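These notes concern the structure reproduced below.
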């Protein structure tokens with residue numbers, strides 16, 4: 001995804017978005033100095049593109065600033081081996097008819113190349129790029145209450161003024177790279193999964209390491225297993241991955257289904273996690289064991305996230321019910337792993353955490369990779385990585401594993417990290433980094449007190465990680481567009497969420513999460529894996545339909561906002 005600029009010549013590999021900032025010779029359109037617009041959108045992924053089209057259609061002059069060199073968000077950054085999406089299509093696409101009527105997929109779970117082609121098609125149909133500035137990294141900004149406008153600075157020295165600021169930065173734009181000593185000394189090839197180079201990293205005959213067993217780690221293992229000379233997977237926590245059931249799609253099949261697309265796009269917003277399916281309406285122990293097993297078998301065979309959010313409705317609420325789901329997963333998974341030692345590490349009989357309280361990864365043949373003599377797992381739960389050496393990785397007990405290629409798949413400073421890295425200042429001249437040190441606060445999962453006329457999508461306190469991305473993006477995006485339109489119609493200069501409304505929303509988030517099993521383990525839902533980060537719920541856990549009801553009611557009466565008219 002682009003090349004590091006000359007100001008970072010000594011870096012082993014890219015670690016910051018500012019590494020991609022470029023000084024643009026072109027000073028027109030979205031690249032103009034001292035640009036003034038109605039709305040500035042940050043990020044050109046699903047959220048940013050949706051907001052650009054939606055606000056543009058409603059008559060607002062809107063531009064997008066994107067740190068990368070093209071549109072597509074995650075799918076321009078993520079080009080590591082095996083990278084692909086874990087939501088099926090057409091769930092995972094825009095509901096714009098002019099886009100889906102003229103597009104067909106090759107499979108039900110697109111890889112990153114498919115998604116890049118899709119975004120190219122979106123641009124071709126909607127003419128998105130004419131309003132986008134690429135390699136443009138936001139590094140600061142404040143809201144001027146007299147002007148009623150945001151003043152935004154970018155790394156290359158430009159200033160932009162906008163009445164509305166929309167952060168379409170998602171949940172995973174800030175990478176988390178543990179500060180292991182000696183990383184700069186390693187003589188081989190090392191990359192973070194989300195800063196992977198476009199050119200192929202050769203692994204044939206090479207000794208390879210994958211650090212981390214989240215979604216990117218699972219996908220890299222599946223890609224490297226058949227190809228590399230040797231793969232060692234450094235695992236802290238087993239991944240309770242479930243079958244994807246990827247298959248090819250024909251044009252004829254998709255064209256037949258397109259008759260129903262308008263209803264399907266409505267349906268995805270009416271289910272808990274934004275898919276075309278939702279929880280089974282009974283509790284686990286309402287059924288006898290044989291009926292329960294039949295449901296598990298059916299959902300397991302159908303694949304995808306169904307074995308997460310389309311089984312019994314108390315699975316994420318009741319500990320005993322959850323164990324039933326885990327035991328079925330355990331049986332199905334252990335029978336796929338030949339070596340008893342590996343079986344106990346990858347699919348332990350003792351549950352490492354409740355099933356589904358970490359977003360499960362979808363896999364095609366992840367567990368079968370460990371049946372290869374060339375693929376192994378290194379359990380680092382009680383013997384963590386101590387440092388890098390010139391030739392490999394040293395563990396706490398002194399053991400050294402030597403490698404030629406290392407994939408750092410340690411994930412992200414999830415949800416909050418994307419917003420705190422932008423350098424935005426509040427009305428009190430504080431930054432989110434310090435304001436959120438003791439915990440994030442938002443109002444409705446779309447606004448932040450002290451940051452007037454600023455909105456965020458697929459981030460803190462929304463359905464986010466508990467949902468299909470485009471479903472939440474469109475729910476929140478329409479709400480933001482409606483809020484802006486209401487402000488324009490009523491001649492409102494700015495709205496600022498009240499502190500007490502934010503505290504009440506935060507308490508609502510906590511109360512809902514406390515009804516579930518999510519607080520029982522450290523996960524992305526509870527703040528993630530970044531040292532020092534507050535342990536707290538990050539997401540709305542009551543599902544998309546309940547979320548829509550609450551945010552729409554709040555927009556109706558506007559009582560949670562301080563309103564300043566022109």
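The listed residues are 130, 146, and the only one of them that is surrounded by fewer than 19 Cβ atoms within 10 Å (Cβ to Cβ), at pLDDT 95 or above and either closer than 26 Å to residue 23 by Cα or in contact with a strand residue (DSSP E or B) (Cβ under 9 Å, 6 or more places away or on another chain) (or both) turns out to be 130. Here residue 461 clears all of (1) at negative phi; (2) part of a loop (DSSP other than H, G, I, E, B); (3) within 28 Å of the chain's Cα centre (by Cα) except the condition numbered (1). Of all the listed residues (225, 205), the sole one being loosely packed, with under 15 Cβ neighbours inside 10 Å, under 19 Å from residue 401 (Cβ atoms), touching a strand residue (DSSP E or B) at 6+ places or on another chain (Cβ under 9 Å) and modelled with pLDDT of 95 or more is 205.
For the condition surrounded by fewer than 20 Cβ atoms within 10 Å (Cβ to Cβ), touching a strand residue (DSSP E or B) at 6+ places or on another chain (Cβ under 6 Å), closer than 25 Å to residue 47 by Cα and at pLDDT 95 or above, what is the one hit in 493, 486?
Working: 486 fails: touching a strand residue (DSSP E or B) at 6+ places or on another chain (Cβ under 6 Å).
Criteria check complete, one pass: 493.
Say whether the condition of being touching a residue at least 24 places away in the same chain (Cβ under 8 Å), surrounded by 14 or more Cβ atoms within 10 Å (Cβ to Cβ), in contact with a helix residue (DSSP H, G or I) (Cβ under 7 Å, 6 or more places away or on another chain) and not in a loop (DSSP other than H, G, I, E, B) is met by at least one residue in segment 338-348. Checked segment 338-348: at least one residue is touching a residue at least 24 places away in the same chain (Cβ under 8 Å), surrounded by 14 or more Cβ atoms within 10 Å (Cβ to Cβ), in contact with a helix residue (DSSP H, G or I) (Cβ under 7 Å, 6 or more places away or on another chain) and not in a loop (DSSP other than H, G, I, E, B). Checking residue 199 against (1) loosely packed, with under 15 Cβ neighbours inside 10 Å; (2) more than 22 Å from residue 79 (Cα to Cα), which single condition isn't satisfied? It fails just one condition, (2). If you go through segment 244-260 one residue at a time, do you hit one that is closer than 23 Å to residue 365 by Cβ and either out of contact with any strand residue (DSSP E or B) (no Cβ under 7 Å at 6 or more places or on another chain) or buried (at least 20 other Cβ atoms within 10 Å of the Cβ) (or both)? Checked segment 244-260: at least one residue is closer than 23 Å to residue 365 by Cβ and either out of contact with any strand residue (DSSP E or B) (no Cβ under 7 Å at 6 or more places or on another chain) or buried (at least 20 other Cβ atoms within 10 Å of the Cβ) (or both).
Which members of segment 259-277 meet the condition of being free of Cβ contacts under 8 Å to residues at least 40 places away in the same chain and either within 16 Å of residue 546 (Cα to Cα) or outside any helix (DSSP H, G or I) (or both)? First the steps, then the outcome.
First, pick out the residues of segment 259-277 that are free of Cβ contacts under 8 Å to residues at least 40 places away in the same chain: 259-260, 263, 266-267, 277.
Within segment 259-277, 266, 267, 277 qualify.
The strands (runs of 3 or more DSSP E) found wholly in segment 57-163 and carrying at least 1 residues that are closer than 27 Å to residue 489 by Cα and in contact with a helix residue (DSSP H, G or I) (Cβ under 8 Å, 6 or more places away or on another chain) occupy 62-65.
The condition of being under 23 Å from residue 355 (Cβ atoms) and over 22 Å from the mean Cα position of the chain (by Cα) holds for residue 233.
The single condition from (1) over 25 Å from residue 245 (Cβ atoms); (2) touching a helix residue (DSSP H, G or I) at 6+ places or on another chain (Cβ under 8 Å); (3) assigned to a loop (DSSP other than H, G, I, E, B) that residue 407 fails is (3).
Output the number of the condition that residue 245 fails; it satisfies all remaining conditions of (1) at pLDDT below 95; (2) on the phi > 0 side of the Ramachandran plot. The single condition residue 245 does not satisfy is (1).
The values are calculated or read from the model by the stated rules, or taken from the named source; none is laboratory data. Just so it is clear, the model here is predicted, and its values are computed rather than measured. Using ideal geometry, Cβ is built from the backbone for each residue, glycine included, and neighbour counts are taken over all protein chains shown.
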